[in-house]
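First up is the structure itself, then whatever we jot down about it.
The values are calculated or read from the model by the stated rules, or taken from the named source; none is laboratory data. What you see is a predicted model; the values in this text were computed from it and never measured. Neighbour counts are summed over all protein chains in view; Cβ atoms, including those assigned to glycine, are modelled from backbone coordinates with ideal geometry. Side chains are part of the model used for accessible areas, which takes the heavy atoms of the whole protein and leaves out ligands, DNA and RNA. Shrake-Rupley method; radii C 1.70, N 1.55, O 1.52, S 1.80 Å.
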Amino acid sequence: MKRIFTRPIGVPIVLYILSGLTILFAAATSIQMLLDALPPESLRYKDTPISFLGHAIGGVAFGVIGPLQFGRVLARKYGRLHRVLGRVFVAAGAFLSLSSLTLLWEFPDTNGVVVNAGRLVFGIALGIALIFAMVAIKRRNIPAHRDWMIRAYAIGMGATLVAIFFIPIFVITGEPPMGLASDILFIGSWAACVVFAEWLIRRINKGAYK
């Protein structure tokens, strides 16, 4: 594991492996919305196209750009591109955060109390992490900026682990897993991503990823 995170493209590869399925699913739902081909269980989102598309497209951009930003090659050799993509990343994260809270407000009965509480907490936390990241870079505090961007990515892509299990079940059965156990797994995966991010930040700050 240590060798992976000390390689120039180690972090992006790991993040794409973990989040690839979620990114593809979000991209598919965006295309379905634009083509007016949403499946029956998602037809309700046609009443809130801006929130739904903002969440899906913002999630795709956030998931695709994030790993590139954390790779050493882009930051060191293509600094200007790194800064431009960083602004797009922050904008995508803002869309993801705001649309998440908007969808929660518009469809409060879609999930159980546990999942809704988690969406509320993490939706707000994503916005706060992005704000702290921007404040840090304005102060030229690059280590703090990097740490908060990592936290933002972990929060924004927090459902990636559970998607590895939930999406195949949904594809096979046509129905998402339901019940308290699935809700706890859903929130647990989010928390696991945040814990992993904190572990990675500690390794970076100890000099394992220079």
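Taking only C-alpha pairs under 8 Å that are 6+ residues apart, what is the relative contact order of the chain in percent?
Working: 225 pairs, mean separation 45.2, N = 210.
Dividing the mean separation by the residue count of the chain yields 22 percent.
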Taking the chain as the reference, fit the longest principal axis to its C-alpha atoms, fit the long axis of helix 180-205 to the helix C-alpha atoms, and give the angle between the two in degrees, 0 to 90, nearest 10. 10
Which one, Gly156, Leu130, Thr22, is farthest towards the positive end of the dipole of the chain when Lys and Arg carry +1 and Asp and Glu -1 on their Cβ? Leu130
Cα axis of helix 160-173 to longest principal axis of the chain: angle in degrees, 0 to 90, nearest 10? 30
Report the calculated FRET efficiency for Asp36 and Arg202 (r = Cβ-Cβ distance, R0 = 41 Å), to the nearest 0.05. 0.30
Note on the chain: alpha-carbon gyration tensor, axes a ≥ b ≥ c; rule is a/c under 1.5 for rounded, else prolate if a/b larger than b/c, else oblate; result prolate
For n ≥ 4 DSSP H runs only, could you compute -39500 (n - 2.57) per run for the chain, divide by its residues and tell me the 222 nm figure to the nearest 500? -27000 deg cm²/dmol
Using the Karplus equation 6.51 cos²θ - 1.76 cosθ + 1.60 (θ = phi - 60°), what ³J(HN,Hα) coupling, rounded to whole Hz, does each residue of segment 29-36 give in order, writing x for Gly and Pro? 5, 4, 5, 4, 5, 5, 8, 6
Whole-Hz ³J(HN,Hα) for each residue in segment 86-99, computed from phi via Karplus 6.51 cos²θ - 1.76 cosθ + 1.60 with θ = phi - 60°, x for glycine and proline: what do you get? x, 5, 5, 4, 5, 4, 5, x, 5, 4, 5, 5, 5, 5
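With charges set only on the Cβ (+1 for Lys and Arg, -1 for Asp and Glu), what does the dipole of segment 122-193 come to about its Cα centre, in debye to the nearest 20?
600
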As I understand it, the value is the acute angle between the Cα axis of helix 142-156 and the longest principal axis of the Cα atoms of the chain; what does it come to in degrees, rounded to 10? 20
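Send over a whole-number figure in Å² for the accessible area per residue of the chain, probe 1.4 Å. Present the calculation step by step, with values, prior to reporting the outcome.
Working: 11900 Å² over 210 residues.
That works out to 57 Å² per residue.
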